Amino acid sequence: MLETRGLTVRFGGHVAVNDVSCSFAPGTLTAIVGPNGAGKTTYFNLISGQLKATAGTVSLDGQPLAGLSASARTRAGLGRAFQLTNLFPHLTVLENVRLAVQATKEGAHRRGLNLWSIWSDHRTLTERADRILADVALKAKEHATVASLPHGDQRKLEVALLMALEPKVFMFDEPTAGMNAAEAPVILDLIRALKKDRSKTILLVEHKMDVVRELADRIIVLHNGQLVADGEPAKVIASPVVQEAYLGVAKEKA
Ligand SMILES: Nc1ncnc2c1ncn2[C@@H]1O[C@H](COP(=O)(O)OP(=O)(O)OP(=O)(O)O)[C@@H](O)[C@H]1O
């Protein structure tokens, strides 16, 4: 279980995330919605460790994450898809995924120079990387360098790296942003496939309400940094606070 308690960050006089307490259970995809500037990405940054909180706590399965760097939080099981920053542009697609798979395997080097073990490790890594590339529909491009890929394929590769790390929590911040109509469904299919694994917690910041409606088991709404609604999607979308604050329905019309 991922939990934030009283999570708060101030930038000067502005409270971008204000006292947000929320728990995210495995087997649930929670969409985080709210108007521009509501604090969604900042909330993600506080959870993943890109930003230090002014107050409050983040914990995963009871382990406090407060003192941990972003990379230590990744090792603890928080997986965040980052836009392109984790990719090695001059390596091939397969090499990128193999490195990510390798990063999750502990201590292969400690077994010493055992050629059989090195060879079988290599084979296992390649097989796992192959499976992931098939899942994200990039197998045909495995020998292309990342720098030569179109934007949509680079975004798919980010998800592949995230899958390779086998996190407990998947965090997606507008995963289809900048993708064309042909590319977006591949990413959405991947998220659908991830949802089938009931041991995973998935957080999704998303502006597209059709995507939210289809994928979310639960919606939380941030507005001016505060958690203003939380619950089952149909109810949250229909609630007056969302109709007014997020969907821009005028009070007199509602
Ligand atoms: N590093 C920072 N320094 C100062 N202000 C910041 C910083 N990061 C975010 N903010 C401010 O905090 C508020 C929340 O921003 P945030 O990007 O989290 O909103 P958002 O809900 O993700 O918006 P969008 O939907 O447009 O991406 C905004 O007013 C933003 O200008």
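Here are a few things to note about the model shown:
- Taking Cα atoms only, the orientation of helix 184-195 departs from the longest principal axis of the chain by about 90 degrees.
- Extension gain from residue 54 to residue 127, taking 0.36 nm per residue of separation minus the Cα-Cα distance: 21.9 nm
- Antiparallel bridge percentage (DSSP; both residues within the chain; nearest 5): 55
- Cα-based helix-to-principal-axis angle, 151-164 vs the chain, degrees rounded to 10: 80
- Cα centre as origin, Lys/Arg/Asp/Glu Cβ charges: the chain dipole, Debye: 440
- Furthest towards positive pole of dipole, 9, 215, 237, structure part the chain, Cβ charges: 9
- The calculated 222 nm mean residue ellipticity attributable to helices in the chain amounts to -11000 deg cm²/dmol, summing -39500 (n - 2.57) over DSSP H runs of n ≥ 4 and dividing by all residues.
- 9 Å beta-carbon shell around residue 80, net charge (K/R +1, D/E -1): 0
Bear in mind that the values in this text are calculations on the coordinates, not laboratory data. Worth saying up front: this structure is predicted, and the values here are computed from it rather than measured. Please note: Cβ atoms are built from the backbone with ideal geometry, for glycine as well, and neighbour counts cover all protein chains shown.
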